[in-house]
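Trainee: Below you will find the structure I want to go over with you.
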């Protein structure tokens, strides 16, 4: 090659390099997302999930953090546990089964139309209709009627007392009936954004991925403080950590427990934690051999080292669960000393003791042990780790397990819906309301989805019904529930393993006041402080 | 599977259309058959999978009655042949159905996802084939040199690194350390979207360039060793002229085939990079559809992917016939 050609080639390469560098530099100069966020009042959060649609029937749990800022509820849950009027001006309970709400005056949707009692009735009937596909349809199945009276009264009558109903009301956003009449099932999709009466509007929505809220300029109350709130889902663990490190995001809420140590090591971020209202558990299908034998169930319980699971899998980011309800939740509803005593007794029944496990197995219908396949949801890696860990101790007493990873729907089908698994499963179950009844009701009453064990003890059912019939202020409530938990503990349809903690990490100087497991039900933007 | 339409003609009668047009017609007929088989297979697989869409629609607290109601409403209790017939009938009317979970037409979901995937796919494809081809040519002419060894080393690293690892590394460098580029999401449109796509494009390009570079290096090297190149050099023709008129022309068919193969592989293979960067593209849409048992989404996306694969292969074949006279003559001889 001639020298002139070499020089020409080098010039071209140099031009290309300069062009590339210039492009990257330009990109750097215009890369404003990471730098502008907090200063301009933009709030960017990484969240664990986003709904496929913002139709109120298809949202729940953490997705309510965005939904309830747009579609306000009639009553609002507060961090101290109180449920206070929001769109309602007053609420009355003539009896334990009747709730009378008075609608506040002068409230409008973001499209300018007035909020009426018909809108409220319609919003609730989306969930209470017999063929409703609402995620909360089970909670609304206890509603006998929803009536309006005059221009400002909504009267809801329950079939039986339900102490959780006040929370159900606080979780349902109010929608515009006229808007639904016009757009039907398309409401909540990217092309037909949901509208509400709240301080924010849906601005951008990518199903199951991203949501951006902007202030409602006509909001009746105090002006929203954030210029925008963006919530993005990060599916990949490493990508989640890196995304936070870029400074593009102000925080992450409810990250996987397996990543807590990584987030704690990040400079510039401070973690917050609270006990979760939920637990990991081992379920025994009591209708299937050999788990219809209580000695088999007890053998497995004694062979399960729950503290080792907490230490080994969750690095201490969980607490061993003596029963289905976390002690803090139960203590908040009753006498803490009484609760503590009861929990000590419940815990003593669940001791890890391989000799006791062998003794129980020898009394059982399978004294020589057996082989077992445990289905686990591959979307929750902790389940597989738990299964493999307990499998080592179970092998010591002659129970040999294999772990079968399944996708979420396949696992749900085998474990919850059709009960086609071998009879032992591991899952995590979270409470949907702050009432201590929530998990026992969903997991111990016959016929309910969470009752994987297909457990049916009339005495326990009667006690849970009795609990529901009592006023929320009645001091005898908690002892009734404790008795139900004690009886079911003896029957052992499931082994409570541990209650994980729930975490959030925010940039240094930011704090979500009164952070707890139900923070998403509160007007959390008011509690987010910056220094 | 292909249909031999020549059997209806006598061999001594001239065709009314050119051999190339006839070949395209044959491929289109075959494509219809392929797509038909794909729809049947996907339909069978998604219905055979445990769990149904009613669970995703009804949520975890759904009662058995509600689940049954959802199945009825969505005709999931109808015989499979009847469901398939309905799907095909709607398809022939251009209707891919409505997503169970997103409550929007499947065509809308696909169009939205394609808005993310297509730019990613096209940019990656162009960069990996052009840069890979250029590096392949460069190293083929300098085999054994430091530059050659450096490029080969780079391709080995690129080919050995999992996409997610490369993605995380680039995110760390350009997102965390340099703070130049966003690492999550697809942006708000316009330049913001372009910025969000730079790292995914770079990640996929690095991985794919490993293959394209090595392939191009081998093929260009083979041509450079042929007698015609030696003869051209002995005639005193310039290197540029030789590369342009001999090397590139004689490697054209293989390079186009490679480019087509890369595009086909990427059509359904971008899911990992989409997951790493939180992009709601076609791959993520398909994975979510499978997870949620959203049958219309799964059927629609797989059909579109299959259609793209068929079209890409057809275009590749046509281009090969266009640029290589030997193939054209072969085609004419067999017709």
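Values in this text are rule-based calculations from the coordinates and carry no lab data. The shown structure was predicted, so the numbers you read here are calculated from the model rather than taken from an experiment. Please note: Cβ atoms are built from the backbone with ideal geometry, for glycine as well, and neighbour counts cover all protein chains shown.
Trainee: Once you've got the GNM for chain B with C-alpha springs shorter than 10 Å, pick whichever of B:153, B:132, B:300 has the biggest mean-square fluctuation.
Mentor: Among B:153, B:132, B:300, the largest mean-square fluctuation in the Gaussian network model of chain B belongs to B:153.
Trainee: Counting partner chain Cβ atoms within 10 Å of every residue's Cβ in B:235-242, what's the average?
Mentor: What the average comes to for B:235-242 is 1.
Trainee: Let me make sure I get this right: for the stretch B:142-191, a, b and c are the square roots of the gyration tensor eigenvalues over alpha carbons, sorted descending. Under 1.5 in a/c it's rounded, otherwise prolate if a/b > b/c, else oblate. Which is it? The partial results should precede the final answer.
Mentor: Values: a/c = 2.78, a/b = 2.44, b/c = 1.14.
The shape class here is prolate.
Trainee: At what distance in angstrom do the alpha carbon centres of the stretch A:426-443 and the stretch A:92-155 lie from each other?
Mentor: After rounding, the separation between the Cα centres reads 25 Å.
Trainee: Something else about it: Hey, what number do you get for chain B at 222 nm if only DSSP H runs of n ≥ 4 count, each worth -39500 (n - 2.57), divided across all residues, to the nearest 500?
Mentor: Calculated at 222 nm, the ellipticity per residue is -24000 deg cm²/dmol.
Trainee: Per residue of B:101-107, how many C-beta atoms from partner chains lie within 10 Å of its own C-beta, taken as a mean?
Mentor: Partner-chain Cβ atoms within 10 Å, mean over residues of B:101-107: 6.
Trainee: Please state the shape class of the stretch B:107-334: rounded when a/c is under 1.5, otherwise prolate if a/b exceeds b/c and oblate if not, all from the C-alpha gyration tensor.
Mentor: In terms of gyration-tensor shape, oblate.
Trainee: Among A:54, A:429, A:524, B:81, which comes first, second and so on when ranked by fewest other beta-carbon atoms within 10 Å?
Mentor: With the sparsest Cβ surroundings first, the list reads B:81, A:524, A:429, A:54.
Trainee: So how do A:526, A:80 line up by other beta-carbon neighbours within 10 Å, fewest first?
Mentor: Working: A:526 13, A:80 10.
Fewest to most other Cβ atoms nearby, the residues stand as A:80, A:526.
Trainee: Shape verdict for the stretch A:316-437, please, from the Cα gyration tensor: rounded (a/c under 1.5), prolate (a/b greater than b/c) or oblate.
Mentor: Details: a/c = 2.27, a/b = 1.27, b/c = 1.78.
The shape class here is oblate.
Trainee: Let me ask another. Taking chain A on its own, what percent of its Cα-Cα pair distances exceed 30 Å?
Mentor: On the way: 77686 of 140715 pairs.
Taking all Cα-Cα pairs of chain A, the fraction more than 30 Å apart is 55 percent.
Trainee: Which of B:311, B:262, B:273 moves the most in a Gaussian network model of chain B with Cα springs under 10 Å?
Mentor: Among B:311, B:262, B:273, the largest GNM mean-square fluctuation belongs to B:311.
Trainee: How many angstrom separate the Cα center of the stretch A:45-90 from the Cα center of the stretch B:188-255?
Mentor: 56 Å
Trainee: Compute the length gained on full extension between residue B:150 and residue B:322: take 0.36 nm times their separation in residues and subtract their Cα-Cα distance, giving the result in nm to one decimal.
Mentor: Roughly 58.4 nm would be gained on extension.
Trainee: For chain B, with a Gaussian network of springs between Cα atoms less than 10 Å apart, report the residue from B:99, B:171, B:145 with the top mean-square fluctuation.
Mentor: B:145
Trainee: Using a 7 Å offset from the Cα along the Cα-to-Cβ direction at both residue A:402 and residue A:353, what is the distance between the two label points in nm, to one decimal?
Mentor: In this crude spin-label approximation the distance works out to 3.4 nm.
Trainee: Now a separate question. Other chains' Cβ within 10 Å of B:172-180 residues: what's the mean?
Mentor: Per-residue shielding by partner chains comes out at 6.
Trainee: Report, in deg cm²/dmol and to the nearest 500, the calculated mean residue ellipticity at 222 nm for chain A, where each DSSP H run with n ≥ 4 adds -39500 (n - 2.57) and the sum is divided by the residue count.
Mentor: The helix-only estimate for chain A comes to -10000 deg cm²/dmol at 222 nm.
Trainee: Test of understanding: ordering A:240, A:225 by Cβ neighbours within 10 Å, fewest first, what list do you get?
Mentor: Values: A:240 25, A:225 14.
Neighbour counts put them in this order, fewest first: A:225, A:240.
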